1. Restricting to DSSP H runs of at least four residues, report the calculated mean residue ellipticity at 222 nm for the chain, -39500 (n - 2.57) per run over all residues, nearest 500 deg cm²/dmol.
2. Mind checking the dipole of the chain: about its Cα centre, +1 per Lys or Arg Cβ, -1 per Asp or Glu Cβ, Debye to the nearest 20?
3. For segment 137-149, take each phi angle, set θ = phi - 60°, evaluate the Karplus expression 6.51 cos²θ - 1.76 cosθ + 1.60, and give the result in whole Hz per residue in order, putting x for glycine and proline.
4. In which sequence would MET138, MET210 go, from the one with the fewest C-beta neighbours within 10 Å to the one with the most?
5. Once phi is turned into ³J(HN,Hα) by the Karplus curve 6.51 cos²θ - 1.76 cosθ + 1.60 with θ = phi - 60°, what whole-Hz value does each residue of segment 27-44 show in order, with x for glycine and proline?
6. Between VAL19 and GLN81, what's the calculated FRET efficiency when r is the beta-carbon distance and R0 is 25 Å? Round to 0.05.
7. In what sequence do HIS69, HIS76 fall when counting other Cβ within 10 Å, fewest first?
8. Cα axis of helix 59-68 to longest principal axis of the chain: angle in degrees, 0 to 90, nearest 10?
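Each reported figure results from applying straightforward, stated rules to the coordinates on display, with no laboratory input. Because the structure is a prediction, the values reported are computed rather than measured. All Cβ positions, even for glycine, are placed from backbone atoms using ideal geometry, and neighbour counts span all protein chains on display.
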Amino acid sequence: MSTGKDSMPTSTPNSDKAVFRVLDVGCGSGDSLREELERCRQTMGDTRQFQMVGVDIDEAALEQGRATHPRFLFVHARGEQLPFPDQSFDAIISRVALPYMDIPATLREMRRVLKPGGELSIKLHPFTFTLQEIRAEMRSGPLWRRAQRFIYRGYVISNGVALHIGGFNFRFPLARRRCESFQTKKAIKRALIAAGFSQVEIPVWKTITMWPHAGDCRATARREN
């Protein structure tokens, strides 16, 4: 497996059925991938081969990941446009960054690259986390900076409402590269089903947050075919 900056494995992921392939969408420097590898080894055994792949838009974090975890593959890409063939991975996780993406579009891409029978595991941000962010950001900084933050958090709330009521996300009008929202149980269940997933479960939904932590809200789902 090559570990170049934006390189891909020389063979397609489906060419070696003995390898269990895991994708982390929004991987940062790879800590979640490392934790997932440890979990996979505990549940499936050390004799199984694993290929850990992470994507992120933060090139600095990816470079750190390549230095810290040289056996992992790190790719610069957006969750809304995953640069992998259909049905490439046995499992997909996103434990940090999904709330900062266009969730319906990203879920469709996740399903596309997930193999039939594969599992998706994601972590979300409840509305209480957005409220904590507002409180924290309003405590310091010049007035103009706090006004900017308040406008942006208003957008985040509106985007969360759009996902909850309409099942869609939209980008921040003043900076189109940004997309962020809070999520509700109803919204994420509907978004997963709309993207083509089944067996949707919400094993944990703890909305009590303590800044800067986002609570513990998780969902899992599978691709059947």
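1. Helix contribution divided over all residues of the chain: -11500 deg cm²/dmol.
2. Result for the chain is approximately 700 debye, rounded to the nearest 20.
3. Couplings: 6, 8, 8, 8, x, x, 4, 5, 5, 5, 5, 4, 5 Hz.
4. Ranked by crowding around the Cβ, least crowded first: MET210, MET138.
5. Going residue by residue, I get 7, x, 8, x, 4, 5, 5, 4, 5, 5, 4, 4, 5, 4, 5, 5, 8, 10 Hz, with x marking Gly and Pro.
6. E between VAL19 and GLN81, to the nearest 0.05, is 0.55.
7. Taking fewest neighbouring Cβ atoms as first place, the list is HIS76, HIS69.
8. It works out to around 40 degrees.
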